[in-house]
Structures are given as structure tokens and as C-alpha cells.
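Engineer: Provided herewith is a single structure, encoded as C-alpha cells, for subsequent inquiry.
The values are calculated or read from the model by the stated rules, or taken from the named source; none is laboratory data. A quick note: this is a predicted structure, and the numbers were derived from the prediction, not measured. Heads up, the Cβs are rebuilt from the backbone with ideal geometry, glycines too, and the neighbour counts pull from every protein chain shown. Keep in mind that these areas ignore ligands, DNA and RNA; they rest on the heavy atoms of the full protein, side chains included. Shrake-Rupley method; radii C 1.70, N 1.55, O 1.52, S 1.80 Å.
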Amino acid sequence: MAVRHLTLHAFQKPEEGETQLMPRQDAIASSPSVETLVTELNRQLLAKAGRHYGCFQKDSELYPFSRWLKEHQQGGLEFMKLTYQALSLFKRELDQSDLSVQGYLLFAFYEQPTSEHFLIALLHNADAMAINDELEITPAHYLDLSKVHLAASIDLTAWNEDSQRYICFTQGKSQRRLAEHFGHFVGCLPSVDRSEQTETLLEQVAQFSQQLPAEQQLACREAVYEYCIEQEKLAEPVRLNELAKVIKPEAPDSFTDFAQSQPLPLPDEILPEKSTLKQLVRFHGRSMDLQLSFSASRLGKDIEYKADTDTLIIQGLPESIKAQLRRYALNESAPAGDND
């Protein structure tokens, strides 16, 4: 990674009143610390389970950031001026709210081996304690990178190639109102429904695996899960042609043809949700008074489901549960006087 430009501006928004801006006057020179910061922010963004993928809103008058970024790409708008205009736009968004928030708005232009990216992130300081050279405990402040809830990375190369999926962004659940203003400021438009894609993937893998011999069905689902998780770690999409080779190496076209013939065909690239993928290898469910979770490998062995009576029979209970049940049984069977 090579960071070409980076700067950040401070802001403070009281609950009542306008946002106060403290802009930096120039870009921060590239250094190992700068590159480490951008690398970590990028890693945090791609590791977020709730990240979204999309594109810019089409109305560049209502959402002008994309227009300014294009002008910067074409050499008509200098980097610092772009960030000043974006900062003013962010202020306008915050001024419409009664939020009380302060922090730093970071802008960075960086290059990967095969692509160029523009990163925007909302950062905050955190308080801590430190020990100085005199072995005294003193208050300290540090940049809290463990809670980067709002950020957007724009793949400029993909944008220039007219892709419909060139922005990766987060919308922190704990800062939902601030996230709305951040998304409106950048002009992010989700173009991928990850939840729907995941459900479609699970359904079609399940349907196709049922065509395999019984002893191969679980191994098929486990292989799909491992491949999807590995792609997630690499921040890469699940590719249909690669997935087909995982499912049936000797005849990958069979799954590809099956998936594309469904009423809701799988796209060539899929962005599944990691948490939902576990349904490939585990059964999990809960109600108000009951929670169950077990490996799919146990079904048909020491766990049996009878659909006609809606009954689940479990053998080989964990020792901890058996101990609790035995204590309960002893208390229930003990004479009433013994409990006094």
C-alpha cells in the first residue's frame, strides 16, 4: 500500500448550535505511521461483519461529494480543497441534527497494487492512563482504532470501470443517527443485499447437496463453509465458478447450471454474511425459554429429529448439562422436609 495524500480535520458539534470546525491547513506527509494507520483502518473496515457494498447516489447535485471526487481525479480539484468542501458538507449534515459529537474526519488517497482508493473515516480519541519516565501515572489520549464505526472506502479503479459495487462502507448500529448523516454526506447507496444473497446461497447449496449421496452431503456443506470463510478473511467475494469446484470438483458445471436455472439465480460474485453462513454446519435456534445449538454432523447420529411429531431426541448430553439435570432431579425427588 502507498498513501499518496492524507489529512484530517477536527470538528465538535454541541447538542444545540452549529458544528465547530478545526481544519488542518495542509496534508500530512507520508510516513510509516501514516501507512500503518491507513492499513489498519482498511483492515478494520473489511473485517466489519455489518459492512455494506454499493455505489454513489446518481443525483450529484443533492449528493455533491461524488462530483468533487471526480473533479479531483481529473486534476481539476486539489486534494486539500476537496477535503475542505467535503468537511463543509459534513458540517451541513450535522447542523441539521441535535447530536452531540466530536472527533476527526480523515481523508486519504492510497494505492494498492492493482487499484486506487479514497478513504473517509470518522475517528475519535479515547482516554487512558500512562506511566511517564518518572514512573508517575498520568492521563493520556490515544486514537481509538478499535471502534471505527463509520468509514467508507471508494475503489476509484472500479468506479472508473462503471462497476455497480465500488464503495465498501460501515453503518455502526450504536451510532445509527450519526451513520445516516455520514452516509448522506458521502452519498452511499447500497447496491448489494447481503442478507438476501446469503439466504439464496444457503438454500441452493442445500437443495443441490440433497442430490448427492447421503454420506457426501455434510462434507459438501462443510467445504462450502470453509471456502466462504476463507474468502471473508481475504475480503474477497465468493465466486460462483470457484464455489462450483468446491461443491463438485469432478463436474463443477453441474452446480453452476443448477444455480443459474433457479428463479433467483446466484450472481457471479456473492458477498455472504459470515454469521448466517454458520447454518451450513450448525443448527441454532432460540425462543424465550429455550436455546439450542449443535453441529450438523450430530444429526442422524446421537441427535434425531422426528418431523411427524415435531420432536428432537438428543443422546450423549454434555456432562455439565447432565450434572445440572441430576441435581434438579434429586431436589425434586427429595422429601419436602429435607429442603427445610
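Engineer: Identify, by number, the condition in (1) over 26 Å from Ala10 (Cβ atoms); (2) over 15 Å from the mean Cα position of the chain (by Cα); (3) assigned to a helix (DSSP H, G or I) that His181 doesn't meet.
Structural biologist: (1)
Engineer: Check region 81-95 and report whether any residue there is assigned to a strand (DSSP E or B) and charged (D, E, K, R).
Structural biologist: no
Engineer: Continuing with this model, one more query. With the structure loaded, tell me whether Leu106 is at pLDDT 95 or above, within 17 Å of His181 (Cα to Cα) and crowded, with 17+ Cβ neighbours inside 10 Å or whether it fails that test.
Structural biologist: yes
Engineer: Would you check if Gln260 is of a type outside the set (D, E, K, R) and within 21 Å of Asp155 (Cβ to Cβ)?
Structural biologist: It is false that Gln260 is of a type outside the set (D, E, K, R) and within 21 Å of Asp155 (Cβ to Cβ).
Engineer: In the list Glu35, Glu40, which residue meets the criterion of being in contact with a helix residue (DSSP H, G or I) (Cβ under 8 Å, 6 or more places away or on another chain), part of a helix (DSSP H, G or I), open to solvent by less than 80 Å² (accessible area, probe 1.4 Å) and not small (Gly, Ala, Ser)?
Structural biologist: Answer to the selection: Glu40.
Engineer: Looking at (1) in contact with a Leu (Cβ under 9 Å, 6 or more places away or on another chain); (2) surrounded by fewer than 12 Cβ atoms within 10 Å (Cβ to Cβ); (3) in contact (Cβ under 8 Å) with a residue 40 or more places away in the chain, which is the only condition Pro272 fails?
Structural biologist: Going through (1) in contact with a Leu (Cβ under 9 Å, 6 or more places away or on another chain); (2) surrounded by fewer than 12 Cβ atoms within 10 Å (Cβ to Cβ); (3) in contact (Cβ under 8 Å) with a residue 40 or more places away in the chain one by one, Pro272 breaks only (2).
Engineer: Then there's this: Restricting to region 68-84, give me the number of residues that are under 21 Å from Cys55 (Cα atoms), surrounded by 14 or more Cβ atoms within 10 Å (Cβ to Cβ) and without any contact (Cβ under 8 Å) to a residue 40 or more places away in the chain.
Structural biologist: Residues in region 68-84 being under 21 Å from Cys55 (Cα atoms), surrounded by 14 or more Cβ atoms within 10 Å (Cβ to Cβ) and without any contact (Cβ under 8 Å) to a residue 40 or more places away in the chain: 5 in total.
Engineer: Tally up the residues in region 285-300 that are surrounded by 10 or more Cβ atoms within 10 Å (Cβ to Cβ) and either hydroxyl-bearing (Ser, Thr, Tyr) or under 17 Å from Arg221 (Cβ atoms) (or both), please.
Structural biologist: Looking only at that region, the number is 8.
Engineer: Additional query: Kindly indicate which of Gln197, Gln210, Gln175 is polar (S, T, N, Q) and open to solvent by less than 40 Å² (accessible area, probe 1.4 Å).
Structural biologist: Checking each option against the conditions leaves just Gln197.
Engineer: Can you give me the number of residues within region 234-248 that are touching a strand residue (DSSP E or B) at 6+ places or on another chain (Cβ under 6 Å) and aliphatic (A, V, I, L, M)?
Structural biologist: Number satisfying all stated conditions: 1.
Engineer: In region 315-335, which residue that is over 35 Å from the mean Cα position of the chain (by Cα) and either of a type in the set (Ser, Thr, Tyr) or assigned to a strand (DSSP E or B) (or both) is nearest to Ala206 (Cα to Cα)?
Structural biologist: Tyr328
Engineer: Next question. Would you pick out the residues in region 213-244 that are outside any helix (DSSP H, G or I) and surrounded by fewer than 19 Cβ atoms within 10 Å (Cβ to Cβ)?
Structural biologist: Of everything in region 213-244, those that are outside any helix (DSSP H, G or I) and surrounded by fewer than 19 Cβ atoms within 10 Å (Cβ to Cβ) turn out to be Pro213, Leu234, Ala235, Glu236, Arg239.
Engineer: Scan (1) in contact with a Leu (Cβ under 6 Å, 6 or more places away or on another chain); (2) assigned to a helix (DSSP H, G or I) for the single condition Leu46 breaks and write down its number.
Structural biologist: Every listed condition holds for Leu46 apart from (1).
Engineer: Let me ask something additional. Based on what the data block shows, is Ile120 under 21 Å from the mean Cα position of the chain (by Cα), of a type outside the set (Phe, Trp, Tyr), under 21 Å from Gln20 (Cβ atoms) and crowded, with 19+ Cβ neighbours inside 10 Å?
Structural biologist: Yes; evaluated as a whole, the condition is true for this residue.
Engineer: Another question about this same structure. Taking only region 139-152 into account, find how many residues are loosely packed, with under 10 Cβ neighbours inside 10 Å and assigned to a strand (DSSP E or B).
Structural biologist: 1
Engineer: Could you identify the single residue in Lys48, Lys58 that is among the basic types (Lys, Arg), at pLDDT below 95 and within 23 Å of the chain's Cα centre (by Cα)?
Structural biologist: Lys48
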